[in-house]
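Input: one structure, supplied below.
The values are calculated or read from the model by the stated rules, or taken from the named source; none is laboratory data. Here the structure is a predicted model, which means the values were calculated and not measured. Glycine also receives a Cβ, built like all others from the backbone with ideal geometry; neighbour counts cover every protein chain displayed. The protein model used for the area step is the full one, side chains on, heavy atoms only, and it has no ligands, DNA or RNA in it. Shrake-Rupley method; radii C 1.70, N 1.55, O 1.52, S 1.80 Å.
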Protein chains: 2
Amino acid sequence: MELNASRKQGRGRSRDRQRRNRATGDSFIQHPVQQYQLPFKPLDLVCAQTLETLHQASLKVLREHGMAFTLPQARAMLKRAGAHVVEGEPVVRFDPEMIMEKVAQAPSDFKIHGRKAEDFLTCGGPHINFSTLSSPPNATDLAGGRRPGNYQDFRNFLKLTHQINVAQVIAGYPVEPLDIAVPIRHLYTSRAILTMTEKPLRVYSHNRKRIRDVMQMVRIAHQLDDRDLIAQPRVFGSINPNSPRQYDDAMLIGIIECAKLGQPLIITPFTLAGAMAPVSLAGALTLQNAEALAGIAFAQIVRPGTPVMYGSFTSNIDMRSGAPAFGTPESAKCIIISGQLARRYNLPYRSSNANAANAPDAQAVYESQMSLWASLLSQSNFVFHGLGWLEGGLAASFEKFIIDAEMIQGLMEFIRPIDFSPAELALDAIGGVAPAGHYLGSAHTMQRYQTAFYTPFLSDWQNFEAWQQAGSLDATRRAEKIYRSLLDSYEQPVMDDAVGEELDAFVEKREAEGGSPVQ
Amino acid sequence: MELNASRKQGRGRSRDRQRRNRATGDSFIQHPVQQYQLPFKPLDLVCAQTLETLHQASLKVLREHGMAFTLPQARAMLKRAGAHVVEGEPVVRFDPEMIMEKVAQAPSDFKIHGRKAEDFLTCGGPHINFSTLSSPPNATDLAGGRRPGNYQDFRNFLKLTHQINVAQVIAGYPVEPLDIAVPIRHLYTSRAILTMTEKPLRVYSHNRKRIRDVMQMVRIAHQLDDRDLIAQPRVFGSINPNSPRQYDDAMLIGIIECAKLGQPLIITPFTLAGAMAPVSLAGALTLQNAEALAGIAFAQIVRPGTPVMYGSFTSNIDMRSGAPAFGTPESAKCIIISGQLARRYNLPYRSSNANAANAPDAQAVYESQMSLWASLLSQSNFVFHGLGWLEGGLAASFEKFIIDAEMIQGLMEFIRPIDFSPAELALDAIGGVAPAGHYLGSAHTMQRYQTAFYTPFLSDWQNFEAWQQAGSLDATRRAEKIYRSLLDSYEQPVMDDAVGEELDAFVEKREAEGGSPVQ
């Protein structure tokens, strides 16, 4: 039909698009790089009074039962700040006023920058951002099946991340490269992330030396001193208390090292209802909130004004097996209510695109959709594990990475406002088409059809016969083709030779020193 | 683990559940029959002023351009009611005041009953209901592939419908039984629906005789006279204007026949942006609204107080091929805004669970999720095509029917409020578990774990190794097992012998008369 022919002519106009098309066989036309914003008020699932009940219950936990801080250095800092620390005891108790005073020092939003300072994301307010997955021990794809994480898969995920615009932040290792020795793994992985992509990244809270290594590599790659780094954060720490009610040494060191350099921290209790948290969602949320508030307050004690994010990962176990479940209706409710809590504390908010499926199938999609819609409606500023997560985080799926990219773009199209100007209301066009006629060739249509609708890269809208003739590929098989095509079309972003050499020299030096073996 | 053992003991208590389990191999424990309600305010995507702009634009279309009513009887009725009818011209024009006066006569909600009068659904307000799919010309399943619709597949879908509680209303033929001759098809299908299930059903607006046949069969099967039928509607008509701007004879007869007997009408323009409607969403919504208002007003002219529902099916075409697309971000926006329009007119609202995928795959799921979440957030009182729809309505999928049931249950769990009573806040339980401990065996957990969380019937939460050992079945394959098991466990609901014989006698008599061949 006519639309098709004209569409083809139209496409030639964009050089960038054309290049993309040649690389991926006309299948990967994506959203331009942009910052998304929620155009409506986030959803409230509980009333202000219930939110207050939850808040007060959490403060009571912190006052009466307290929170273990295993690191003596941290307890000393907490004591100086007015928390109730008993010599030789890990458990610290907090007065509600002190907690709230510290939490109030955290900014309501912050920016995190890519290698180019002008590429930044705002975390807070109506801004919605999506990160890649992090830390699965396995990689999987249709052709190769499931295998232990390795450096080649790690690099391949980075190639996708660099090219997919809705993969806005790198939330850690897209898969653990288990074939690289632990003491030097952070060096190789950070160099790969810093050279193969230009996006903001994460530093793991493994130990002090590794964190400092990574910070130094960021300084080199992004050509920054500490003042620049504080002014324009590039790397974030992701902190998970050892639920219930404990921050261990590694996490506390992570908070201290990131806060000192003004790098943002995402504080996310792993409060799995029925396992590490009460089986009741009200109880799990109470515990989550107590743990989050304690960690956020501690970060402010280290350095007032440290950018922090309120994180929620509360989900439930499978009652039949005790296995963790994700993308459940219960987790979606907790995502929404946790967003309400974050807004109550005037803090940016993190959720996750989680699922527990063993394959990139219908279950993976409906569980992810539960997570994604809840994230959207909660105004999540940082959707962690946004792309590629499978098996409750035990596997990184190449096909799921592509499916997630499509689903995220679709959701971001959903929140794009509609133009209701007189020309778009189309009264003349409506009058110009006879009853039972059609608008296919009308001037109003011809003027707009090229940009009127979102064009997905993964959905196949051919009729059944054409789809069958093209091989009856389901969406997961088509995702496979797209990810392979993107691997082929990858081009490493340009980095100044001298910078690359400095980075190499640092890695070589630290490797020669044995890396950072302490865990 | 302990939880598992106790869970099994607990299950034995419910006889009904036990029976279910025997039939389906422990896989199909579902929600009890219930009426769902949205516990929060529906989402507004446009402000009151924009809604008013849209409303006024639609009234302008009706006043200036009008709407064709092809049936002379309908034009005569419209003329008597004050519409502007020109002798011999199909197009009728409407004063805004007249339209709004008629629309205001429609009730804000209504009930539709099953064969047992006490089984009813409320359509309107916060109530959310889901119907089966309707009218695909093909049936498909993994084992048998895609084939022309036939009576056996038709009956098999009814067997699923009867057993799946979230399949609350029968929205028409789950698949067209093309192997039954057209003049008698309505007789065979209606008898099957009325005897194999007890749920509310739809009457097609094919022609006057067939509608009257079906109404008579409903009277027989449900043992009602016309007064009962008006007091407790059992069957609804689904009206699609021949967009743009035309109601044809069949649809007008459908409105007249249903309205006379007080049976509800769902008025749903098929305003596909770029084809039967302007390519701009604002224009498509303007046209949809004008068409819906005209049809709703006409139903009130036939019989004031006729229960009607405002239907939206606005979606967009694929810009590359001109093919209709469903479950798109654009359609989701239109679902939400149409919900706002319905509420503005104080009318119950219908949306759809639509998708355009050629297989029950990831695309089918993410497109359906777009439709389902938009339906939920718009407070859709009637989610048409709720279960089984595939290929933009060209195929009925057995596996998708099961996947949809699971997705609907999950969404309905999402809207189930959380208990925030003191016992659920679990402060004592939180104090009773040491830092870094766990809640698996705690008294608080043991008292609640059996009912704490929703247990999906389709999701597989085993770990990867166990899943692999069990055959690596993806969710669609598992859906196949479930639907086959449900076909095996189907038992026809009891109907009084005399009623069944009366129904048979009616079908035989009408068949002997040649059925209703016109159209």
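Determine, yes or no, whether B:Thr122 is touching a Leu at 6+ places or on another chain (Cβ under 9 Å) and not acidic (Asp, Glu).
Against the criterion (touching a Leu at 6+ places or on another chain (Cβ under 9 Å) and not acidic (Asp, Glu)), B:Thr122 does not qualify.
Turning to a different aspect of this structure: Does A:Leu43 meet the test of being out of contact with any Phe, Trp or Tyr (no Cβ under 7 Å at 6 or more places or on another chain), at negative phi and open to solvent by less than 30 Å² (accessible area, probe 1.4 Å)?
No, not satisfied.
Let me ask another. Test A:Gly311 against the criterion of being touching a residue at least 60 places away in the same chain (Cβ under 8 Å) and closer than 18 Å to A:Tyr349 by Cα, and give yes or no.
Yes: the conditions hold for A:Gly311.
Consider B:Asp318 carefully, then state whether it is surrounded by fewer than 24 Cβ atoms within 10 Å (Cβ to Cβ), at the interface with chain A (Cβ under 9 Å from one of its Cβ atoms) and over 30 Å from B:Arg80 (Cα atoms).
yes
Among the residues of segment B:512-519, is there at least one that is touching a residue at least 24 places away in the same chain (Cβ under 8 Å), part of a helix (DSSP H, G or I) and open to solvent by less than 20 Å² (accessible area, probe 1.4 Å)?
no
Would you pick out the residues in segment B:101-114 that are touching a residue at least 40 places away in the same chain (Cβ under 8 Å) and assigned to a helix (DSSP H, G or I)?
If we filter segment B:101-114 for residues that are touching a residue at least 40 places away in the same chain (Cβ under 8 Å), which is where we start, we get B:102-114.
Passing the criteria: B:Lys102, B:Val103.
Can A:Phe457 be described as over 25 Å from B:Ser459 (Cβ atoms) and open to solvent by less than 30 Å² (accessible area, probe 1.4 Å)? Can you show your working first?
Working: over 25 Å from B:Ser459 (Cβ atoms): yes; open to solvent by less than 30 Å² (accessible area, probe 1.4 Å): yes.
Yes: the conditions hold for A:Phe457.
Take A:Asn156 and decide whether it is surrounded by fewer than 20 Cβ atoms within 10 Å (Cβ to Cβ), in contact (Cβ under 8 Å) with a residue 12 or more places away in the chain and either farther than 18 Å from A:Met217 by Cβ or out of contact with any Leu (no Cβ under 6 Å at 6 or more places or on another chain) (or both).
Against the criterion (surrounded by fewer than 20 Cβ atoms within 10 Å (Cβ to Cβ), in contact (Cβ under 8 Å) with a residue 12 or more places away in the chain and either farther than 18 Å from A:Met217 by Cβ or out of contact with any Leu (no Cβ under 6 Å at 6 or more places or on another chain) (or both)), A:Asn156 does not qualify.
OK, next. Would you call B:Glu89 within 14 Å of chain A (Cβ to nearest Cβ) and assigned to a helix (DSSP H, G or I)?
no
May I pose another question? Could you please let me know if B:Ala273 is within 9 Å of another protein chain (Cβ to nearest Cβ) and of a type outside the set (Ser, Thr, Tyr)?
Considered against the rule, which asks whether it is within 9 Å of another protein chain (Cβ to nearest Cβ) and of a type outside the set (Ser, Thr, Tyr), B:Ala273 comes out as yes.
Considering only segment A:66-86, how many residues are open to solvent by 60 Å² or more (accessible area, probe 1.4 Å) and part of a helix (DSSP H, G or I)? Don't jump to the end; show me each part of the working.
So in segment A:66-86, the residues open to solvent by 60 Å² or more (accessible area, probe 1.4 Å) come out as A:72-73, A:79-80, A:84, A:86.
Now drop any that are not part of a helix (DSSP H, G or I), which leaves A:72-73, A:79-80.
Qualifying residue count, segment A:66-86: 4.
Can you tell which of B:Ala452, B:Ala466, B:Ala470 is of a type outside the set (D, E, K, R) and farther than 30 Å from A:Pro148 by Cα?
Values: B:Ala466 fails: farther than 30 Å from A:Pro148 by Cα; B:Ala470 fails: farther than 30 Å from A:Pro148 by Cα.
On inspection, the qualifying residue turns out to be B:Ala452.
Going through segment A:432-468 one residue at a time, which ones are more than 23 Å from B:Glu64 (Cβ to Cβ) and among the β-branched types (Val, Ile, Thr)?
A:Thr451, A:Thr455
Of all residues in segment A:115-167, count the ones that are at positive phi and assigned to a strand (DSSP E or B).
Within segment A:115-167, the subset at positive phi is A:124-125, A:135, A:145.
If we keep only those that are assigned to a strand (DSSP E or B) as well, we get A:145.
Count: 1.
Now a separate question. May I ask you to say which residue of A:Ser331, A:Ser375, A:Ser397 is more than 16 Å from the chain's Cα centre (by Cα) and among the hydroxyl-bearing types (Ser, Thr, Tyr)?
Just one listed residue meets the conditions, A:Ser331.
Shifting gears a bit: Having 1 or more residues that are away from chain A (no Cβ under 11 Å), among the polar types (S, T, N, Q) and open to solvent by less than 10 Å² (accessible area, probe 1.4 Å) is the bar; report the helices (runs of 4 or more DSSP H) wholly within segment B:322-428 that clear it.
Of the helices (runs of 4 or more DSSP H) lying wholly inside segment B:322-428, those with at least 1 residues that are away from chain A (no Cβ under 11 Å), among the polar types (S, T, N, Q) and open to solvent by less than 10 Å² (accessible area, probe 1.4 Å) span B:329-344, B:362-377.
Also, quick follow-up: Could you say whether any residue in segment B:305-313 is more than 14 Å from every other protein chain (Cβ to nearest Cβ), assigned to a loop (DSSP other than H, G, I, E, B) and farther than 24 Å from B:Lys41 by Cα?
Yes: one or more hits.
Still on this structure: Whether any residue in segment A:250-262 is in contact with a strand residue (DSSP E or B) (Cβ under 7 Å, 6 or more places away or on another chain), at pLDDT 95 or above and under 26 Å from B:Arg448 (Cβ atoms) is what I want to check. Lay out the reasoning, then the answer.
Taking segment A:250-262 first, the residues in contact with a strand residue (DSSP E or B) (Cβ under 7 Å, 6 or more places away or on another chain) are A:251-252, A:254-255, A:258-259.
Filter once more, so that each one left must be at pLDDT 95 or above: A:251-252, A:254-255, A:258-259.
When the remaining residues are screened for being under 26 Å from B:Arg448 (Cβ atoms), the result is none.
The answer is no; no qualifying residue exists.
OK, next. Go through segment B:182-236 and tell me which helices (runs of 4 or more DSSP H), entirely inside it, have 2 or more residues that are open to solvent by less than 30 Å² (accessible area, probe 1.4 Å) and out of contact with any Phe, Trp or Tyr (no Cβ under 7 Å at 6 or more places or on another chain).
Result: B:182-196, B:208-222.
Say whether the condition of being within 19 Å of the chain's Cα centre (by Cα) and modelled with pLDDT of 95 or more is met by at least one residue in segment B:278-286.
Checked segment B:278-286: no residue is within 19 Å of the chain's Cα centre (by Cα) and modelled with pLDDT of 95 or more.
Name every residue in segment B:429-451 that is open to solvent by 20 Å² or more (accessible area, probe 1.4 Å), part of a helix (DSSP H, G or I), modelled with pLDDT under 95 and at the interface with another protein chain (Cβ under 8 Å from one of its Cβ atoms), in order of residue number.
Matches in segment B:429-451: B:Gln450 only.
Among the residues that make up segment B:109-117, is at least one of them surrounded by fewer than 16 Cβ atoms within 10 Å (Cβ to Cβ), closer than 30 Å to B:Ile193 by Cα and not charged (D, E, K, R)?
Taking every residue of segment B:109-117 in turn, at least one turns out to be surrounded by fewer than 16 Cβ atoms within 10 Å (Cβ to Cβ), closer than 30 Å to B:Ile193 by Cα and not charged (D, E, K, R).
Any residue in segment B:311-318 that is at pLDDT below 95 and polar (S, T, N, Q)?
No, every residue in segment B:311-318 fails to be at pLDDT below 95 and polar (S, T, N, Q).
Only residues that are of a type in the set (Val, Ile, Thr) and either open to solvent by 10 Å² or more (accessible area, probe 1.4 Å) or within 11 Å of chain B (Cβ to nearest Cβ) (or both): list them for segment A:293-304, please.
A:Ile301, A:Val302
Related question: Looking at A:Leu487, A:Leu440, A:Leu503, which one is touching a residue at least 60 places away in the same chain (Cβ under 8 Å), closer than 23 Å to B:Met276 by Cβ and either among the basic types (Lys, Arg) or out of contact with any Leu (no Cβ under 6 Å at 6 or more places or on another chain) (or both)? Show your work before the answer.
Values: A:Leu487 fails: closer than 23 Å to B:Met276 by Cβ; A:Leu503 fails: closer than 23 Å to B:Met276 by Cβ.
Unique residue meeting the criteria: A:Leu440.
Another question, then. Looking at segment A:463-484, which of its residues are open to solvent by 50 Å² or more (accessible area, probe 1.4 Å), facing another protein chain (nearest Cβ under 7 Å) and within 14 Å of B:Ser321 (Cβ to Cβ)?
A:Asn463
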